[in-house]
Amino acid sequence: MTRTLKLDGIAFGGDYNPEQWPREVWEEDVRLMRRAGVNFITVSVFSWPLLEPEEGRFDFGWLDDVIELLHSNGIAVDLATATATPPAWLIRKFPEILPVTADGTHLEFGSRQAYCFSSPIFREYALRLTRAMAERYGQHPAVRLWHVSNEYGDHVSRCWCAASAEHFRGWLRAKYTSIGALNEAWGTSCWGQHYLDFEAIEPPRDSTGPINSTQRLDFERFSSDAMLELFTAEVAVLREVTPELPVTTNFMSILHDLDYFAFADAEDIVTDDAYPDPADPRAHIDASLNYALMRGAKDGAPWLLLEQSASAVSWRDVNVPKAPGVMRLDSYQALAHGADGVMYFQWRAAKFGPEKFHAAILGHRGEASRTFQECSALGAELKGLGALKGSRVVADVAMLLDWDSKWALAAPDSLPSNRLSWIGQARDWHRATFNLGVTVDLVRAGADWARYKVLMVPNLYLATPALAARLEAFAEAGGTVVVGAFSGVVDQNDHVYDGGAPGPLRPLLGVEVDEVWPLPDGDTGHIMMDGARHGFHTVSEWLDAADAQTVASYCGGELDGRPAVTVRRQGDGAAWYVSGCLADDGLRTLVRRILDESGVPVRTGAGPEIEVVVRRGVESSFTFVLNRSAVAVPVSLPDGADVLVGDSRQVSARGVLVVRHEHEAIVRVAADSAQLQAV
Ligand code: GLA
Ligand code: GLA
């Protein structure tokens, strides 16, 4: 059953915490929400203690009033199940709910999310509240979306308590059936770790030295599954009581420890919380990769930006505000990347608590605050953009994300270099394509890749034979695969493949890795490609390219003259291997060449500060041009184009252009080369 968000126009609004304010403020809130163009509001995220002030006694009166007030003002509701943070009475009655860290520290009540996701007690109480919420509000016409919990894993994504240990043992029993199979998979003959039965196993708590890496990897898998189990238990209650209402849980962009692909399968709509750091000149580039994940999580379907900040956040060491125009640009960036809504944390700036200096739509100065002015202006603009809804981003290039491999590569102190990470490699490769004006989708191992010309695999440390076979089939069908260093090294148990890397990727790539050659911190090496020298960092490899063509070689150092970048062509397809972490200039040159050879047009005029993204609807397409530079950028529009936002001749400094046009028409951008310098 497809459950969609029933809402007129682009979703615009944010988290609202009326429990922090006296009732007379609520009236003013709603009046100002209307002025700001708000049509969608999230409530009750952290309201459990107010909704169930003591065990089994529910008090819905205040929330009834809030929902009614919003509804009578035409504002729809994203209703949280309120299970994100357990009340103090529950913790004091069952202190074993509290999470425990790897070093055995019990985390106290006093912040939020103070529970272990494996706790059967927590689950029982959370499900009871979920059911009560669903029964109370499931039929209310204002309620359009269930918001389950909040940011799973934000504060606690791994727990080492007794309940978690018991849950882990159960998960292992189900996976391995016999202790012998576990001993083999975990390689317990190393360092005398042999287990006689499952009861002897504990989660990987702090130990005397490096921890068994397969135990650790299984604990990563388990922890993600355990949280997913809690989520799906709540979803099951909601589906039972309110089968028609869509369900979401808000993601935290790419950086978190949960397998978001699995979570996306269990929900109806993907939602993201995005907090690009205004102090980081590359933040918008990394945000574009985060958004690629949000649409990739449901095979390109539109998603919602459920939280962003109207200006500064309150949780970094230094919280820099967003300069005028930046919040608007960030909002349009999410829309460009397939979002059908732009929401904020939060509606009204708090007076107390840890987030009292976190920006909000309505700042401490009220209507006069800059954030209110900027947000209201955006809210008015978005009213004209309803036609965007449902359209999907067009991309020729995809990047593979595999959580198993990402987790396996994060094992500390057991790898050639602790500096290698999937996210580091992915961001480098994504930045190279971004800077060439090319949009990238993030896809999972099981997705249909047929619509892409190029599939980037920045790292696949853990590669299964099945995935290797899919990559081969993609190349054989004419696709281009690009694989980064230290891939195909281990199997699903984190055991090194016979013959070494790239293991099952050897037939695809035509190379063999003899030895990994990491660089000491801060060192740079060089490769030679087409007569030009380019830098690399972090890692290189001693490579034999018997069955591939060498495209670039190491230059200087111990690997001088040996292959660095190779390609193996098969039919119309090609498989590239990049054995070192190329620095930006070399990566850009290489990616440019790969895109050219694969027939992916780079977009002249786009660059680090000028992003161009296309969404394709049923009848027309929409091109977004986002100009983060300090000067205006001339554009030329195709015949018949309809300007929805901006000016038909140029995109102003820190400005936005949204154009509707025929599908194959192209919006041309004529930026000055200075604006295309790397950031
Ligand atoms: C020490 C230990 C060995 C091995 C090596 C690795 O020498 O005795 O068991 O771990 O370190 O360098
Ligand atoms: C997260 C949470 C919100 C709020 C914001 C602050 O996104 O979901 O409750 O704490 O962070 O940035």
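The values are calculated or read from the model by the stated rules, or taken from the named source; none is laboratory data. For clarity, every value in this text was computed on a predicted model and none was experimentally measured. Quick reminder, even Gly has a Cβ in these numbers, built from the backbone with ideal geometry, and neighbours come from all protein chains shown. SASA here: full protein model, heavy atoms, side chains in, ligands and nucleic acids out. Shrake-Rupley method; radii C 1.70, N 1.55, O 1.52, S 1.80 Å.
Has segment 511-533 got at least one residue that is in contact with a helix residue (DSSP H, G or I) (Cβ under 6 Å, 6 or more places away or on another chain) and either open to solvent by less than 20 Å² (accessible area, probe 1.4 Å) or in a loop (DSSP other than H, G, I, E, B) (or both)?
no
Kindly indicate the residue of segment 2-36 that is open to solvent by 70 Å² or more (accessible area, probe 1.4 Å) and among the hydroxyl-bearing types (Ser, Thr, Tyr) and also nearest to the chain's Cα centre (by Cα) among those meeting that condition.
Across segment 2-36, the extreme among qualifying residues is Thr4.
Ala395 passes all but one of (1) over 19 Å from Asp330 (Cα atoms); (2) within 16 Å of ligand 2 (Cβ to nearest atom); (3) within 19 Å of the chain's Cα centre (by Cα); which number fails?
(2)
For the structure I just gave you, tell me whether Glu52 is surrounded by fewer than 21 Cβ atoms within 10 Å (Cβ to Cβ) and acidic (Asp, Glu).
No; evaluated as a whole, the condition is false for this residue.
Can you confirm whether Arg216 is within 30 Å of Glu267 (Cα to Cα), in a helix (DSSP H, G or I) and either more than 16 Å from ligand 2 (Cβ to nearest atom) or charged (D, E, K, R) (or both)?
The answer is yes for Arg216.
For residues that are of a type in the set (S, T, N, Q) and out of contact with any Gly (no Cβ under 6 Å at 6 or more places or on another chain), tally how many sit in segment 353-376.
Summing the residues that are of a type in the set (S, T, N, Q) and out of contact with any Gly (no Cβ under 6 Å at 6 or more places or on another chain) in segment 353-376 gives 2.
Residues that are within 16 Å of ligand 2 (Cβ to nearest atom): which helices (runs of 4 or more DSSP H) entirely in segment 1-76 hold 2 or more of them?
48-51
Please identify the pairs in which a residue from segment 150-176 that is touching a residue at least 24 places away in the same chain (Cβ under 8 Å) and under 19 Å from Glu234 (Cα atoms) has its Cβ atom under 9 Å from the Cβ atom of a residue that is within 16 Å of ligand 2 (Cβ to nearest atom) and part of a helix (DSSP H, G or I), counting only partners at least 6 apart or on another chain.
Every condition considered, the pairs that remain are Tyr152/Met227; Tyr152/Phe231; Tyr152/Phe263; Gly153/Met227; Ser157/Met227.
State all residues of segment 613-632 that are open to solvent by 10 Å² or more (accessible area, probe 1.4 Å) and either within 14 Å of Val393 (Cα to Cα) or free of Cβ contacts under 8 Å to residues at least 60 places away in the same chain (or both); if no residue qualifies, say none.
Those that are open to solvent by 10 Å² or more (accessible area, probe 1.4 Å) and either within 14 Å of Val393 (Cα to Cα) or free of Cβ contacts under 8 Å to residues at least 60 places away in the same chain (or both): Val614, Arg616, Gly617, Val618, Glu619, Ser620, Ala630, Val631, Ala632.
Considering only residues of segment 297-309 that are touching a helix residue (DSSP H, G or I) at 6+ places or on another chain (Cβ under 7 Å) and open to solvent by less than 10 Å² (accessible area, probe 1.4 Å), which is farthest from ligand 2 (Cβ to nearest atom)?
Ala297
Taking the stated definitions as given, is Val270 open to solvent by less than 10 Å² (accessible area, probe 1.4 Å) and more than 14 Å from ligand 2 (Cβ to nearest atom)?
For Val270, the condition - open to solvent by less than 10 Å² (accessible area, probe 1.4 Å) and more than 14 Å from ligand 2 (Cβ to nearest atom) - is met.
Among the residues of segment 122-154, how many are surrounded by 23 or more Cβ atoms within 10 Å (Cβ to Cβ) and of a type in the set (Gly, Ala, Ser)?
Total meeting the criteria: 2.
From the list Ala84, Ala114, Ala88, which one is within 16 Å of ligand 2 (Cβ to nearest atom), farther than 30 Å from Leu7 by Cβ and either under 27 Å from the mean Cα position of the chain (by Cα) or modelled with pLDDT of 95 or more (or both)?
The unique qualifying residue is Ala114.
If a residue has to be in contact (Cβ under 8 Å) with a residue 60 or more places away in the chain and among the aromatic types (Phe, Trp, Tyr) to count, how many in segment 222-246 make the cut?
Residues flagged as in contact (Cβ under 8 Å) with a residue 60 or more places away in the chain and among the aromatic types (Phe, Trp, Tyr) within segment 222-246 amount to 1.
Suppose we filter Ser119, Ser157 for residues that are polar (S, T, N, Q) and open to solvent by less than 10 Å² (accessible area, probe 1.4 Å); which single one remains?
From the options Ser119, Ser157, the qualifying one is Ser119.
Kindly indicate the residue of segment 247-259 that is in contact (Cβ under 8 Å) with a residue 60 or more places away in the chain and not hydrophobic (A, V, I, L, M, F, W, C) and also farthest from ligand 2 (Cβ to nearest atom) among those meeting that condition.
In this case the residue turns out to be Asp259.
Given the condition surrounded by fewer than 20 Cβ atoms within 10 Å (Cβ to Cβ), touching a residue at least 40 places away in the same chain (Cβ under 8 Å) and more than 15 Å from ligand 2 (Cβ to nearest atom), answer yes or no: does some residue in segment 310-322 qualify?
The answer is no; no qualifying residue exists.
Filter segment 633-645 for residues that are open to solvent by 50 Å² or more (accessible area, probe 1.4 Å) and over 13 Å from Phe622 (Cα atoms) and give the result.
Across segment 633-645, the qualifying residues are Pro634, Ser636, Asp639.
Taking segment 168-204, which residues are over 18 Å from His495 (Cβ atoms), open to solvent by 40 Å² or more (accessible area, probe 1.4 Å) and touching an Asp or Glu at 6+ places or on another chain (Cβ under 9 Å)?
Listed by number, the list holds a single entry, Trp171.
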